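A short worksheet on the structure shown next.
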Amino acid sequence: FKLIEGEMLRKKLHNENLELKGNIRVFCRVRPFLAEDDSNTEGKVISYPTSMDALGRGIELAQNGQKHSFKFDRVFIPDVSQEDVFEDISQLVQSALDGYKVCIFAYGQTGSGKTYTMMGKPGDPEQKGLIPRTLEQIFKTRQFAEPQGWKYEMQVSMLEIYNETIRDLLATNRSSLERTENGTAGKQYTIKHDANGNTHVSDLTVVDVRSAKEVSYLLERAAHSRSVGKTQMNEQSSRSHFVFTLRIYGVNESTEQQVQGILNLIDLAGSERLSKSGSTGDRLKETQAINKSLSSLSDVIFALAKKEDHVPFRNSKLTYLLQPCLGGDSKTLMFVNIAPDLSSAGESLCSLRFAARVNACEIGVPRRQT
Ligand code: ADP
């Protein structure tokens, strides 16, 4: 009983802390060691200092004899289950049903666990990721809200941004999925925002959905579309941003209330730097496009946090697409995914610094290890 009480207190403190945090939160998730990682480095790179860790928020990275300390809204250690991670974001999912615009990003180098966090492991229900769990929660909550007079309509779209061009992953017309020689999409999509803050992507497929099952079918279709691009271009889906959007329209006929919420779940392209991706030619262009859009994203979040007059939304397709869902009274959560092995330490430090910039919470000056 005491344990449960302690856990509830921790969650309460944690949630209060999150409530106070404004509109952007950053959660850090460290993936477990995998068979392919150098097991000699296990426990030597990433640690969780207990003094800072009462609420599960501190993380330390050791590299070249220096320790770098960071503090985020939440740090998930490797053995935290998908279910527990989801529990910490379920409030945010509820916000979308209440009419908020919500964005959840997964950021990190390739192999750090972004897709695992977002989608999970196919075929293993316990390892389902945030997207399937979110949909289950949304459709379940909808069922409970119906007896109170609420009726909801939901629409899904899924797209990929590769080399600053959009691909409609639900397009049934195969030619829409094809790419030109240089890897950009054959078809050009334009983004427009209307006066009500709604985003329109020309010709993008938007599908009405009534159940989580229907959406999982669409997710499979999108995964197939991504793989069509892969074989044509021999490129990895980790080189593009994947944007899943659920639009929610709710009407309560008895109280005449209306809500319009949007939930964007975004699996970002791998954040590895030029030196790591060994880029030349097309790869170089690809990496530059990714770096540009990821730094635009942090510039936008930074400008919003500082309440600057000019927010550079137009600097990348991703930020322009998401403009109405970033800032204002929208809610943003960024997962920074970290691989725990030594060969990833340089990239992990970059990811933590990126996230700390977004969260403005890097603490402590790097100090010599004793
Ligand atoms: P990314 O999308 O960042 O390239 P992945 O999500 O594909 O990385 O993860 C790389 C590998 O690590 C995959 O085999 C995935 O199943 C595994 N993995 C990542 N995070 C976890 C985790 N928290 N628990 C178990 N396995 C994980």
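No lab work stands behind these numbers, since they all come straight from the coordinates. None of the values given here were measured: they were computed from a predicted structure. Glycine also receives a Cβ, built like all others from the backbone with ideal geometry; neighbour counts cover every protein chain displayed.
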Q. Among PHE244, PHE86, which comes first, second and so on when ranked by fewest other beta-carbon atoms within 10 Å?
A. PHE86, PHE244
Q) If Lys and Arg each add +1 and Asp and Glu each add -1, what is the summed charge of the other residues whose beta carbon sits under 9 Å from the beta carbon of THR117? A) +2
(Q) Treating segment 30-130 as a set of equal point scatterers at the Cα positions, no solvent, please give the Debye-formula log₁₀ I(q)/I(0) at q = 0.14 Å⁻¹. (A) -0.67
Q) Which length gain, in nm to one decimal place, applies between SER47 and LYS307 when the Cα-Cα distance is subtracted from 0.36 nm times their residue separation? A) 90.2 nm
Q: Give me the number: length gained by fully extending LEU284 to CYS350, i.e. 0.36 nm times residue separation minus the C-alpha to C-alpha distance, one decimal in nm.
A: 21.9 nm
**Q.** Selected from ALA35, THR115, PHE144, residue furthest toward positive end of dipole (segment 29-163; charges at beta carbon)
**A.** PHE144
Q: Could you list THR255, THR134 in order of exposure, starting from the residue whose Cβ has the fewest other Cβ atoms within 10 Å?
A: THR255, THR134
Q: At most 12 other Cβ atoms within 10 Å and a DSSP loop assignment: could you name the trypsin sites (Lys or Arg not before Pro) in segment 268-333 that fit?
A: LYS306, LYS307
Q) What residues have an amide H closer than 5 Å to that of ALA269, excluding those fewer than 5 places away on the same chain, when H is modeled at 1.01 Å from N in the peptide plane? A) HIS241, PHE242
Q: Hey, can you grab everything whose amide H is under 5 Å from the amide H of GLY129? Only 5+ residues off in sequence or another chain; H modelled, so Pro and N-termini drop out.
A: GLY120, LYS121
Q) For segment 286-327, taking Cα atoms only, what is the radius of gyration to one decimal and the Dmax to the nearest whole Å? A) 9.9, 31
Q | R0 of 45 Å, Cβ-Cβ distance TYR249-ASN291: FRET efficiency to nearest 0.05 | A | 0.75
Q. So what are the radius of gyration and Dmax for the Cα set of segment 98-150, in Å?
A. 14.4, 45
Q) Too long at a 21 Å Cα-Cα cut-off: which of LYS114/LYS192; LYS44/LYS71; LYS187/LYS317; LYS128/LYS213? A) LYS114/LYS192
